[in-house]
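Here is the structure we will look at.
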Amino acid sequence: MKIQAAAIQMPCDILDLPTNLQRADELIRTARDAGSELVVLPELFNTGYSLCPDFGPCSETAEGPTLSYLRQRSRRWKMAIAAGFVERAGRHLFDSLAFCTPDGEMQIYRKRNLVFWERFRFHPGRAPLVMSTPFGRVGFGVCADMIYRRVWDDYRGRIDLAVVAAAWPDFANRDTGRRHWLLGHIGPLSTAIPEKVALDLGIPVIFANQCGETQTTIPVLRTTISDRFAGQSSICDGRHGSPVRADRELSVLVAPITLHSKRGLKSWSSMSPLASAGSCCGSEHS
């Protein structure tokens, strides 16, 4: 079966939820108007991604404004929406990815492979997540998760589609474009890995990255790069054609994907208290 999918590549203002939600809403509308049935937003799209912020005040449970908004939009516009946010569970914060469906279901994946400063802000997730949907079984990753072969080995043969949200930096000076002497080779991986995963597993991969300016700090090296996000969001249709990619600017990338749904394992627990939360209350957005 074929469905129309969208990867939203957007800049995100640090800890400015109203601005980021308004920007995302306009981009989701664009994806809807293009016929998209599934939309993927970047990692931490509502808070932005940076070293310094205290994410605590912007963290959310099931009743938070971001998750309420995503579920309302999903139900009203009859589209599945995946989006990154800061999840709060007890004393811990997680770099999480919510997946909302039009029937009101929402499940949460927690980033398992934290890098650099993230280890001082977030608690790592412990489990993969496979979610059963009308168009097939969906597996999830957040940014650096996609580097690790074990992540994809967990999903091999168990999913029909992979969704990855990211705030992947370019590791290059945003003014000159000159790549960092040690880490400059990492930026281009955001272009290469989704396609390799799609070909290896034989499934579509939707990769949604942030764009715009950022700073990347490498604590061990005591260095900070005036960086930019790599952009290069992509929709890779497995073995059915060449990937469709964005450049480095704001973009709503829309393309068809081909899913071959198979019988088998339907779902795994995400280890999240939000995993099977019901529909949020509140008025619908227009």
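Where a number appears in this text, it was derived from the coordinates with a stated rule and is not lab data. Since the model is a prediction, treat every value here as computed from it, not as a measurement. Neighbour counts are summed over all protein chains in view; Cβ atoms, including those assigned to glycine, are modelled from backbone coordinates with ideal geometry.
Observations, loosely collected:
- Reachable aspartates and glutamates from Lys78, criterion Cα separation under 17 angstrom, eight or more residues apart if same chain: Asp25, Glu26, Asp33, Glu37, Asp103, Glu105, Glu284
- Kirkwood Rh and Cα Rg combined as Rg/Rh, region 149-238: 1.05
- Counting every other Cβ atom within 10 Å of each residue's Cβ, Ile147, Ile3 order from fewest to most as Ile147, Ile3.
- Distance (nanometres) between label positions extended 7 Å along Cα→Cβ at Arg76 and Asp175: 4.3
- Straight-line cross-link reach from Lys196 at under 13 Å between alpha-carbon atoms covers these aspartates and glutamates, not counting any fewer than eight positions away in the same chain: Asp237.
- As a proxy for reagent exposure, Ser96, Ser36 were ordered by neighbouring Cβ count within 10 angstrom, fewest first; the result is Ser36, Ser96.
- In whole percents, the pair-distance distribution calculated for the chain from its alpha-carbon pairs, binned every 5 Å from zero, is 1, 6, 13, 19, 21, 18, 13, 6, 2, 1, 0.
- Sequence of Trp181, Trp152 once ranked by neighbouring C-beta atoms within 10 Å, starting from the fewest: Trp181, Trp152
- GNM result for the chain, Cα springs below 10 Å: residue of Ala165, Ala82, Ala255 fluctuating most strongly: Ala255
- Under 5 Å, built H, 5+ apart or other chain: amide partners of His180: Ala172, Asn173
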